[in-house]
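Shown next, in structure tokens, is the structure this report addresses.
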Amino acid sequence: MSADLRIEAALKVAGRAVFPAETPATGLLYAALVEAPVASGELRALDPTAARAVPGFVDIVGHAEAEGLKASSNTALIRERTIHFAGQPLALVVAESPGAAEQAARAVRLEIEARPAVTALDQALDQAYAPKLAGRVPAETRRGDAATAIAGAHLVVRGRYETAVNNHHPMEPHAAVCVWEGERPTVHTNTQAVFGTRAAIAHAFQLPADDIRVVARYLGGGFGCKGPLWWPWMFLAMIAARRAGRPVRLELSRAQLFTLVGRRQETVQELALGFGADGRLVGIEHDVLAQTSTHGEYVDATAAVSRWLYACPNVSTTHRLVRTNEPQPIPMRAPGVAPGTFALESALDEAAERLGLDPVELRVRNFADRDQQADKPWSSNGLLECYRVGAERFGWAGRPAPGAARDGRWRLGSGMATACYPVHRQPASARVRISGEGALTVQCGTQDMGSGTYTVLGQMAAAQLGVAMADVTVELGDTWLPEGPYSGGSMVTLSILPAAEAAARQVRAQLAELAVTDEASPLAGLPVEDLEFADGLVRSRSGNAAEPLVDLLRRRAPAGLEAEASATPPEASDVSGMGYGAVFVEVGIDPDLGELRVRRVTAAYAAGRILNPLLAKSQHVGGLIGGIGMALHERTVTDRATGRILGDGFADYLIPVHADMPEFDIALVDEHDPHLPGGVKGIGMLGSAGVQAAIANAVHDAIGRRVRHLPIRIEDLL
Ligand code: MOS
């Protein structure tokens, strides 16, 4: 068995990993949500009489009960009676069975004053406004004078690019099992942030954080949606559990994942690139229009990628938002970067064609050897190597001329694009404990979304102490553990590494001290710097002296040893961290049927030190699959008449399945980063950006057609 395999894999495969919704609870009640039938209006009254008559009905909680919560953006939707989107929960019913809860929820009578709803971006363009921030960065930036540079450019490529609403759809829907012991709640919920969830509960219920426990041992994916937008519905379940004095379980349906937990916002992007005769960018204008809800502001930093991905002295970027009565957007895998690179990398391909340059060569010519937006050097940058390695493995140089390749009914095309994602980091703490028998336990209150956090955290500690992975236990997903980071922004591994390694090094230092001061040890009297911990041994680097770690522990620390350490990112850094990749795609198109198959994907990624190559490749493949879904399948559609989601199930919302998947050839390019802790960058988001444009560029190569919107549909190819 490979040491790189997930340490929790056997539990999951055997069905013994307990996911939050499966948490056993005595006397459990089941919850169902009462949903708004209109997309805009005011709830005037709610009549539960018929619901109460349903056998098994226990309770109903709504605005009256939620008014007791502290006002905040997390509680507004359940405290205020305004209806912002169709499907918005107006109350929560609990009953003795899931069926009774559903039936009772449907029996609740609602008196609603409906208002006209804005159900599409184009209905309120005149009310578009400029937010201050896009994600974490300014929404509008100017460097140099892009308009003048583009006006005088040798070549201008100008286009409008559109990307659809996508929904995250982790395999495991959101759930909470809420249990109160007096005024102390425990909530088992599949969140990407147990500590963030605890803080939200503490604020809403005005409870001390220490009295609240949030547990998320295992998650079946998240991709950005297991965060704040879920909290109001969880709060309703908590209120119901407190009133009933019994545990309550709320689990969302697949349909509710289209409305209640966020979405990737749609974008309309106007992009203009100006080039000199030498193929160098002289100006970029990137203007983004996107949807947000009527109750919350969210904007992906979609144009931000144009600020730093390529060298260019004149760059102007803007974001504007339109409020509609549709669900609230939230980050979704490679937020901003995925739609932003679709536009930028598509336009670059068009420029390469018009300049008569190879698309890789054009990108190499425009390589940014420093972060021009932040005006800082990169912490490291392996992008040029990604182009070289990716192109070589794909056979880019030997590809057929555009439109020339055929395979039976298929017309073949090749395309490429750059992938990137910024490095983020959060404070983290970790505890490492070794028992008197040599069993190693690592604890951190971050959570594993399914990305491999259990495994890499165990590997970090095991490597420091020379302990075999078979002797390692990792405990995650519990606010009773040392505080760990939010699982998002590709930041978990980088954030926890310095804390976990520091805790493990402290344990190692204690053990080394015991060894050199113990007359019974063959290492007695050696300098501690001469000791190394490997293969279950404490041994001298310079001589032959060694003893099994377990022998030392049994003699000198039979009760075991432990240490806890924290690591905080610096307030400011004089370098910019960025992970990079180059994605190469071959597609086949049947022009008679409009069928498009991604036949091959080769991707080379440079993202610092790779702790676990198998899991890293799995993350990249997962990201690429999501990117293929965004490029070819996924599109959430709102019915303009009612504001409801059309086809809110997997029968209608297409997602990529096994039969859609090509072979993935993933190259992990060696990258030494001297600035980041352990030389580690994030990798989770990197695969999700770039492949969309590579596919669109391959479509153009195959049939000569530029598709400037996602997803690319059959009718675009006929
Ligand atoms: Mo993410 S889109 O920060 O889970």
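Calculated FRET efficiency, VAL621 to GLN510, Cβ-Cβ distance, R0 = 60 Å: about 0.90 to the nearest 0.05.
How many Å³ per residue does the convex hull of the Cα positions in the chain occupy?
Details: hull volume 122.3 nm³, N = 718.
Looking at the chain, the number lands at 170 Å³ per residue.
Projection of the Cα convex hull of the stretch 428-567, averaged over all directions and equal to a quarter of that hull's surface, yields 8.0 nm².
In this calculation the C-beta distance from LEU207 to TYR129 is compared with R0 = 35 Å, giving a FRET efficiency of 0.45.
GluC sites (Glu not before Pro), restricted to the stretch 581-675: which are DSSP loop and have at most 15 other Cβ atoms within 10 Å? Kindly include the intermediate steps, with their values, before the conclusion.
On the way: sites: GLU586, GLU595, GLU634, GLU663, GLU671; in loops: GLU634, GLU671.
The qualifying sites: there are none.
Look at the alpha carbon pairs under 8 Å that are at least 6 residues apart: their mean separation over the length of the stretch 428-567 gives a relative contact order of 34 percent. Each part reduced to its alpha carbon centroid, the stretch 677-699 and the stretch 113-183 end up 20 Å apart. The residue among ALA463, TRP480, SER316 whose Cα reaches farthest toward the positive pole of the charge dipole of the chain, with charges on the beta-carbon of Lys, Arg, Asp and Glu, is SER316.
The modelled label-to-label distance between ALA468 and ARG158, using points 7 Å beyond Cα along the C-beta direction, is 6.8 nm.
The stretch between HIS675 and SER253, if pulled fully straight at 0.36 nm per residue, gains 147.5 nm over its current Cα-Cα span.
A Cβ-based charge dipole, computed about the Cα centre of the chain with Lys and Arg at +1 and Asp and Glu at -1, lands at about 780 debye.
Helical runs assigned H by DSSP (4 residues or longer) give the chain a calculated mean residue ellipticity at 222 nm of -7500 deg cm²/dmol, each run adding -39500 (n - 2.57) before division by the residue total. Projected label points at ARG16 and GLU270, each 7 Å from Cα along the beta carbon direction, are separated by 6.1 nanometres.
Comparing Cα centroids, the stretch 575-604 and the stretch 378-424 end up 7 angstrom apart.
Give the value in nm², to one decimal: projected area of the alpha carbon convex hull of the stretch 44-87, averaged over all directions. Please report the intermediate quantities before stating the final value.
Numbers: hull surface 16.3 nm².
For the stretch 44-87, averaging the hull's shadow over all directions gives 4.1 nm².
Ordering GLY182, PRO677, ALA104 by Cα displacement along the dipole of the chain toward the positive end leaves ALA104 in first place; charges were set at the Cβ atoms of Lys, Arg (+1) and Asp, Glu (-1).
Could you give the length gained on full extension between ALA559 and LYS376, defined as 0.36 nm per residue of separation minus the Cα-Cα distance, in nm? Walk me through the numbers before you get to the answer.
Details: separation 183, 0.36 × 183 = 65.88 nm, distance 4.95 nm.
Gain on stretching ALA559 to LYS376: 60.9 nm.
Note: relative contact order over the chain, using C-alpha pairs below 8 Å and six or more positions apart, is 16 percent.
Dipole orientation for the chain: of the candidates GLY382, ALA209, ALA50, ALA50 has the Cα lying most toward the positive pole (charges on Cβ; Lys, Arg +1; Asp, Glu -1). Applying 1/(1 + (r/R0)^6) with R0 = 35 Å to the Cβ-Cβ distance of GLU392 and THR82 gives a FRET efficiency near 0.05. Of the peptides 243-256, 11-24, 104-117, 490-503, the ranking by mean beta-carbon count within 10 Å, highest at the top, reads 490-503, 243-256, 104-117, 11-24.
Distance between the 7 Å Cα→Cβ label points at THR26 and SER73: 4.2 nm. Using the crude model of +1 on Lys and Arg Cβ and -1 on Asp and Glu Cβ, and no other charge, please compute the dipole size for the stretch 428-567 relative to its Cα centre, in debye to 20. Here the stretch 428-567 has a charge dipole of around 40 debye.
The base-10 log of I(q)/I(0) for the stretch 317-368, evaluated at q = 0.31 Å⁻¹, reads -1.19 [Debye formula, identical scatterers on Cα atoms, solvent excluded]. Extension gain, GLU532-MET661: 0.36 nm per intervening residue step, less the Cα-Cα distance, totals 41.9 nm. Annotation for the stretch 215-280 versus the stretch 637-665: alpha-carbon center distance of 17 Å.
Read-outs throughout are calculated quantities, based only on the coordinates presented, and are distinct from any laboratory measurement. Here the structure is a predicted model, which means the values were calculated and not measured. With ideal geometry, Cβ positions are generated from the backbone for all residues, glycine too; neighbour counts draw on all protein chains shown.
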